[in-house]
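Student: One structure coming up, written as structure tokens, with questions to follow.
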Amino acid sequence: MAHVNLGKQHPAPYKSVLTLNKEVEEAVAAAGLDPKLAELVKIRVSQLNGCAFCLRMHTRDALDKGETTDRLAVLAAWWESQYFTEQERAALALAEEVTHPMEPGRHEWDDGSLSDEQVSAITWLAIVMNAWNRIAVRSHYPVAP
């Protein structure tokens, strides 16, 4: 199977995803969402998609923003822990629903802890993160120590 770097092969669509990413990050900030929550969403989506490159990058970003190793350690089973706020739990459940639309309602997220603007921003964040995961996995971005 050919290992094609999608960004190098077709730089214009790649740049469009970069632009979308910037706009989504601005929407997340405008919605008043904590930057650590945004990183948790990125990490959870990347866990679901099996993207090692994005997992490493966003785990480091989360740590740089003050996230704890304990919370990162249990993120894959966030619903089983007491580490996350109601808003974080809602955001993670929403991101899972966007990432795996065939499993709606696996974890209820619509508990009123997110405003409509926040729901939209998190949804867009999960959408763009899914795109990045697919780009990184398909391009076989290297992940080595």
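We did not get these values from a lab; they are worked out from the coordinates using the rules stated. Here the structure is a predicted model, which means the values were calculated and not measured. As a convention, Cβ positions derive from the backbone with ideal geometry for all residues, glycine included, and neighbour counts pool all protein chains shown.
Student: Structure shown: which of LYS42/LYS65; LYS22/LYS42; LYS15/LYS36 lie over 21 Å apart, alpha-carbon to alpha-carbon?
Tutor: Result: LYS15/LYS36 exceed 21 Å.
Student: Note the angle between two axes, namely the Cα long axis of helix 52-64 and the longest principal axis of the Cα atoms of the chain, as a number of degrees from 0 to 90, rounded to the nearest 10.
Tutor: 50
Student: What is the helix-to-structure angle for 86-99, meaning the angle in degrees between its Cα long axis and the longest Cα principal axis of the chain, kept from 0 to 90 and rounded to the nearest 10?
Tutor: The angle comes out near 40 degrees.
Student: Report, in degrees rounded to the nearest 10, the 0 to 90 angle that the Cα long axis of helix 116-139 makes with the longest principal axis of the chain.
Tutor: For helix 116-139, the angle is close to 30 degrees.
Student: Please report, in debye to the nearest 20, how large the charge dipole of region 9-138 is about its Cα centre when each Lys and Arg carries +1 at its beta carbon and each Asp and Glu carries -1 there.
Tutor: 780
Student: I've got another one for you. Based on the mean of other Cβ atoms within 10 Å per residue, sort peptides 109-116, 55-62 so the most packed one is first.
Tutor: Final packing ranking: 55-62, 109-116.
Student: According to a simple spin-label model (label point 7 Å from Cα along Cα-to-Cβ), what is the distance in nm between ARG60 and VAL143?
Tutor: With each label point 7 Å from Cα toward Cβ, the separation is 1.3 nm.
Student: OK, next. So how strong a dipole does region 79-145 carry about its Cα centre when Lys and Arg Cβ are +1 and Asp and Glu Cβ are -1, to the nearest 20 debye?
Tutor: Value, rounded to 20: 540 debye.
Student: Sum -39500 (n - 2.57) across every DSSP H segment of at least 4 residues in the chain, then divide by the residue count to get the 222 nm mean residue ellipticity, nearest 500.
Tutor: -21500 deg cm²/dmol
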